1. Could you pull out the residue among Ile284, Ile252 that is surrounded by 15 or more Cβ atoms within 10 Å (Cβ to Cβ) and in contact (Cβ under 8 Å) with a residue 24 or more places away in the chain?
2. Pick out the one residue from Phe40, Phe20 that is in a helix (DSSP H, G or I), surrounded by 17 or more Cβ atoms within 10 Å (Cβ to Cβ) and modelled with pLDDT of 95 or more.
3. Being free of Cβ contacts under 8 Å to residues at least 60 places away in the same chain and farther than 25 Å from Lys69 by Cα is the filter here; which residues of region 166-187 pass it?
4. Among (1) without any contact (Cβ under 8 Å) to a residue 40 or more places away in the chain; (2) closer than 14 Å to Arg111 by Cβ, which single condition is Ser31 missing?
5. Which numbered condition trips up Gly62, out of (1) touching a residue at least 12 places away in the same chain (Cβ under 8 Å); (2) on the phi < 0 side of the Ramachandran plot?
6. Of all residues in region 295-310, how many are closer than 17 Å to Glu279 by Cβ and surrounded by fewer than 16 Cβ atoms within 10 Å (Cβ to Cβ)?
7. Need the failing condition index for Val74 against (1) touching a residue at least 24 places away in the same chain (Cβ under 8 Å); (2) among the aliphatic types (A, V, I, L, M); (3) in a helix (DSSP H, G or I); (4) over 19 Å from Val187 (Cβ atoms), just the number.
8. Between Ala164, Ala130, Ala67, which is in contact with a Ser or Thr (Cβ under 7 Å, 6 or more places away or on another chain), not acidic (Asp, Glu) and not assigned by TED's automatic domain parsing to the domain that holds Asn277?
Amino acid sequence: MVLLDFEKKVLGFIKDYKIFNKYDKILLGVSGGKDSMSLFYTMHKLSKIIGFEISVVHLNHGMREEAIKDENFVREKCENIGVRFISEKKDVFQYSKKNKVGIEVAGRSLRYEFFYRTLRKLDYNKIATAHHMDDLVETLFYRILRGTGIYGLGGLVPIEGELAKPMLCVNLEDIKNYVTINNIEYVEDSYNYSLDYSRNKIRQNIAPLFEQINIKYSQSFFRLAKIVWKYREEIKKKFNERSKTSQDLISIELIGDFFDKEVLRYAFLKLGQYPPNMEETEKIIEMRNGGIRRINKINLVKKGNCIELRR
């Protein structure tokens, strides 16, 4: 089977980061946009080479009049090449209002809840989304503005648990060229151009300024991300060396070095909670022996040179 340069690049990235294996059963999140249609056709081709199985999941957000047309569009493309299609309809605006969260957060929450529920139901083991290099840049920049630490600079990662992002190695220009050269049809989402959303502001107003300084700025951010991905792996190793885990309890041994903070914050992630900022983390480490705190639904107790975290 002949692969195009775009597909070779994605295949190389999959191999480098051990994202997929033979016999994996993968759900592809496909909205119908150029990004996800590129994922759809590339993964269909690579499934024949690597030997994994794919199905498509599509969440109809009900945010636009064209939403049902988008759903039918993706369904038709799946039927054309014999790929299983699973869809569900949700009201993002209602969810946003009920849970008092923004539209972006509401859409993401509903989408991943549907993806993971379907993963369990079908007994699949991976979910793949079409996040690409420009999404990575936006995430890095957004997190910097929010005051992230080094670990958080990793932004989007190639594979974390069951969630995979095999297209982080390609940028938006690569995707545009791929769909153009291959006459791949896709749908446009008008919400991608609305400046009501933070990420769109970065993409439309800030990213063009980066390009004026360095036309290959996305590759520069990508190199930074790869360095941080290695750093994150080191944090995981140090967590395993310094922690003891049993059910909902994690005990962290404090060594007195820089990594104490990172390991402690990583423990919050392991317990399914957002970690405290660096200033709050320092206060936790400096607690007196026997000190007790509660942060982000986690109870913390200082015992000698150890900190216990319990959900």
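1. Of Ile284, Ile252, the one residue that is surrounded by 15 or more Cβ atoms within 10 Å (Cβ to Cβ) and in contact (Cβ under 8 Å) with a residue 24 or more places away in the chain is Ile252.
2. Exactly one residue qualifies, and that residue is Phe40.
3. Listed by number, the residues that qualify are Asn171, Glu173.
4. Here Ser31 clears every test but (1).
5. Unmet for Gly62, out of (1) touching a residue at least 12 places away in the same chain (Cβ under 8 Å); (2) on the phi < 0 side of the Ramachandran plot: (2).
6. 1
7. If we test Val74 against (1) touching a residue at least 24 places away in the same chain (Cβ under 8 Å); (2) among the aliphatic types (A, V, I, L, M); (3) in a helix (DSSP H, G or I); (4) over 19 Å from Val187 (Cβ atoms), just (4) comes out false.
8. Ala130
The values are calculated or read from the model by the stated rules, or taken from the named source; none is laboratory data. Bear in mind that the values here come from a model prediction, so they are computed numbers and not experimental data. Note that we place each Cβ from the backbone using ideal geometry, even for glycine, and neighbour counts take in every protein chain shown.
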